[in-house]
Amino acid sequence: MSEVHVIGQILGASGFPESSVFCKWKVQMGSAWRVLQGDHEGQTQIDEPSDEPIANWCHPIDLHFATKGLQGWPKFHLQVWHQDVYGRNELYSYGFCHVPTSPGLHEIDCVTWRPKGSLIEELKTQFIGGSAQLK
């Protein structure tokens, strides 16, 4: 049985229209994989940058996997959320990135996206918040 160690961090985010963002993450893997140690899902803290449009999280990740095969290589699923002044959480975007298959130091940029809703959903987003979400 082979083992894979993933040690790293979720550094932060940029390009979002508001501050006070945080990230929920989860590792998805195939049925031949299992987590021996570490959390396979988590959430960063909320960062409120004062003068830069960049959220800094520096959220640590330390995972130890065992696998019987290479199919179903692990990947990270990310959701970026915004918390407003009333403590309400609004989903901003989704993203995913694969764990690198080669050893070494890697820097991975994960581009995120959000589903475009119908005209009515987009108007609701503009006036009362919230956004279209995947089911």
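The values are calculated or read from the model by the stated rules, or taken from the named source; none is laboratory data. Since we're looking at a predicted model, the values are computed, not measured. Glycine also receives a Cβ, built like all others from the backbone with ideal geometry; neighbour counts cover every protein chain displayed.
Would you confirm whether any residue within the range 59-74 is under 30 Å from K124 (Cα atoms), at pLDDT 95 or above and either in contact with a helix residue (DSSP H, G or I) (Cβ under 6 Å, 6 or more places away or on another chain) or not basic (K, R) (or both)? No, the range 59-74 contains no residue that is under 30 Å from K124 (Cα atoms), at pLDDT 95 or above and either in contact with a helix residue (DSSP H, G or I) (Cβ under 6 Å, 6 or more places away or on another chain) or not basic (K, R) (or both).
Within the range 1-23, restricting attention to residues that are surrounded by 15 or more Cβ atoms within 10 Å (Cβ to Cβ) and part of a loop (DSSP other than H, G, I, E, B), the residue that is modelled with the lowest pLDDT is S19.
Can you tell me which residue is nearest to M1 (Cα to Cα) among those in the range 47-73 that are of a type in the set (A, V, I, L, M) and not in a loop (DSSP other than H, G, I, E, B)?
By that ranking, first place goes to A66.
Among the residues making up the range 24-35, those that are touching a Leu at 6+ places or on another chain (Cβ under 9 Å) and crowded, with 17+ Cβ neighbours inside 10 Å are W25, V27. Within the group T44, T101, T112, which residue is surrounded by 15 or more Cβ atoms within 10 Å (Cβ to Cβ) and closer than 17 Å to I7 by Cα? Being surrounded by 15 or more Cβ atoms within 10 Å (Cβ to Cβ) and closer than 17 Å to I7 by Cα holds for just one of T44, T101, T112, which is T44.
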